[in-house]
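One structure is given here, and the rest of the page talks about it.
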Amino acid sequence: MEFEEIINRLKEIISQSLETKKIYDKDVAMALELDPQYFAVIKKRKKIPFEAIAYFSHNNHENMNWILFGNNNNDKI
């Protein structure tokens with residue numbers, strides 16, 4: 001699992017809900033219900049926020065396997 005790939009898949013999901021092309025780190029932090037400063041720290045350390053992603057995928061009915069592993073099956077739960 002690569003941090004950047006996971007964040008890019010999250011940005012793809014978020015861009016669909018916000019109907020905008022450009023998604024910033026602060027948008028990802030807000031979607032994951034993380035403080036933007038904390039998100040900046042974990043981004044620098046490339047620490048994947050598994051718990052926040054789990055809550056995000058559950059609350060938004062997204063496939064967590066696709067977010068984490070990039071499986072071609074992008075079906076919603």
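Worth pointing out:
- Dipole of the chain, positive end: most advanced residue of Q37, H58, S15 [Cβ charges, Cα centre]: Q37
- Radius 15 Å from Cβ of K11, net charge of other residues (Lys, Arg +1; Asp, Glu -1): -3
- Where labels lie 7 Å past Cα in the beta-carbon direction, separation of F50 and K26 in nm: 3.1
- Estimated purely from DSSP H runs of n ≥ 4, each contributing -39500 (n - 2.57), the mean residue ellipticity at 222 nm for the chain is -18500 deg cm²/dmol once divided by its residues.
- log₁₀ of I(q)/I(0) at q = 0.14, 0.24 Å⁻¹ - the chain, Debye sum with one point per alpha carbon: -0.39, -1.23
- Across the chain, the relative contact order, built from alpha-carbon pairs under 8 Å that are at least six residues apart, equals 29 percent.
- Once both labels are positioned 7 Å from their Cα atoms along Cα-to-Cβ, the gap between N59 and M1 label points is 1.8 nm.
FYI, it's all coordinate maths here, none of it is from the lab. Computed from a predicted structure; not experimentally measured. Virtual Cβ from ideal backbone geometry, glycine too; neighbours counted across all protein chains shown.
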